1. Please state which of the following conditions Leu196 fails to meet, knowing it meets all the rest: (1) assigned to a helix (DSSP H, G or I); (2) surrounded by 18 or more Cβ atoms within 10 Å (Cβ to Cβ).
2. Among the candidates Ser153, Ser130, single out the residue that is crowded, with 20+ Cβ neighbours inside 10 Å and either without any contact (Cβ under 8 Å) to a residue 12 or more places away in the chain or among the polar types (S, T, N, Q) (or both).
3. For the structure I just gave you, tell me whether Thr33 is surrounded by 14 or more Cβ atoms within 10 Å (Cβ to Cβ), at pLDDT below 95 and among the hydroxyl-bearing types (Ser, Thr, Tyr).
4. I'm trying to understand the selection: among the residues of the range 253-265, which are crowded, with 17+ Cβ neighbours inside 10 Å and under 13 Å from Asp290 (Cα atoms)?
5. Among (1) without any contact (Cβ under 8 Å) to a residue 12 or more places away in the chain; (2) not in a helix (DSSP H, G or I), which single condition is Leu232 missing?
6. Name the pairs whose Cβ atoms lie under 6 Å apart, with the first residue in the range 161-181 and under 21 Å from Val96 (Cα atoms), the second in a loop (DSSP other than H, G, I, E, B) and acidic (Asp, Glu), and 6 or more positions between them or separate chains?
7. Identify, please: which residue in the range 199-217 is surrounded by fewer than 19 Cβ atoms within 10 Å (Cβ to Cβ) and polar (S, T, N, Q) and is, among those, nearest to the chain's Cα centre (by Cα)?
8. So which helices (runs of 4 or more DSSP H) stay within the range 115-179 end to end and still have 1 or more residues that are closer than 26 Å to Leu49 by Cβ, at pLDDT 95 or above and in the same structural domain as Val83 (by TED's automatic domain parsing)?
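The values are calculated or read from the model by the stated rules, or taken from the named source; none is laboratory data. What you are looking at is a predicted structure, and each value in this text was computed from that prediction instead of being measured. Here the Cβ positions follow ideal geometry from the backbone for every residue, glycine too, while neighbour counts run over all protein chains shown.
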Amino acid sequence: MKLATTSHDHHPLHSDHPDESTKTDGITVQGLTKSYGKHRVLQGLDLRLESGKVYGLLGANGVGKTTLMSVILNHTFRSSGQVRIDGQNPAENARVLERTCFIHEDQRWHDEYTARHLLQALPAFYPRWSAQTAQHLLDRFSVPRKTPLKKLSRGQRSALAISISLASRADYTFLDEPYLGLDPSSRNIFYEELMLAVSEHPRLVLMSTHLIDEAANLMEDVILMRWGRIDLHAPVEDVTASMTAVRGMDTAVDEFTAGYDVVSSQSLGRIKSVLVRGSVVGREQQRAEDLHLSVESPGLQEIVAALGVLDAEQNTPEHVENKGDLS
């Protein structure tokens, strides 16, 4: 396979200031299933994703996150159900697919290619490609241009994939664990540049991640998956406001939380930490202080873990029902 040599600078359709009038109605999924032989990975999903929002897709390994992303963007054929992007079926629809970008967990290219080869070829696939953005990001991540891709480190390959995804300016950008191999400093660059990219050129971003608290500030909505189903889809603020963390001596915690719906409980010696549904306010706040308890808002990861979404043993059919209820 020979790479196209069309450059961004000479392609009439690929401007850093493209026409922004393209209609974006978002993504609608109805009754979506995907099976591999007798194994059903997606269990009849319904999902609505609004244009211009950043979504976090969370769940244990093997629950179908990557499959869901692949099927929506037509990288994998669905078994049944319906997918619509801007009201259109994406299957064999070049006009729709050219406005999507999907970066896989372990993105693969030809081993002998270099970043420079990709920068020459990719504008042919993305009408809104920004060469300036690509060069800026590769500089920030210190990704070499002339080194064969097979010789790049895992973190450098992830940085290259991130750079491509943001430079594509695709209306629908899917990122599957995009930060693998990146050190904390490089992850911070990614988060900073993603927020800037979405602010300057709004797009729908669906990102799967296990670094939940790190990425929580990027997300507007969170989608929790369990055993091939959507367990919960809600604004991050609603999820984090749905529970309260109570911490202190075990006897005091037990006394205080006796009338609450306790979602999870952990102990270290006599120190106990529990998550309860709802808020602790007014006289209850004072009662907690009298018992020398700490009452605080839990992080998103703590809540997700409490719901069992990250526990592989909980991601079986008999554990699915009602676990994600925030009420």
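1. Of (1) assigned to a helix (DSSP H, G or I); (2) surrounded by 18 or more Cβ atoms within 10 Å (Cβ to Cβ), only one is false for Leu196: (2).
2. Ser130
3. Values: surrounded by 14 or more Cβ atoms within 10 Å (Cβ to Cβ): yes; at pLDDT below 95: no; among the hydroxyl-bearing types (Ser, Thr, Tyr): yes.
It is false that Thr33 is surrounded by 14 or more Cβ atoms within 10 Å (Cβ to Cβ), at pLDDT below 95 and among the hydroxyl-bearing types (Ser, Thr, Tyr).
4. Residues satisfying the conditions are Val253, Phe256.
5. Of the numbered conditions (1) without any contact (Cβ under 8 Å) to a residue 12 or more places away in the chain; (2) not in a helix (DSSP H, G or I), the odd one out for Leu232 is (1).
6. Hits for this filter: Asp176/Glu105.
7. Asn217
8. Hits in the range 115-179: 131-141, 154-168.
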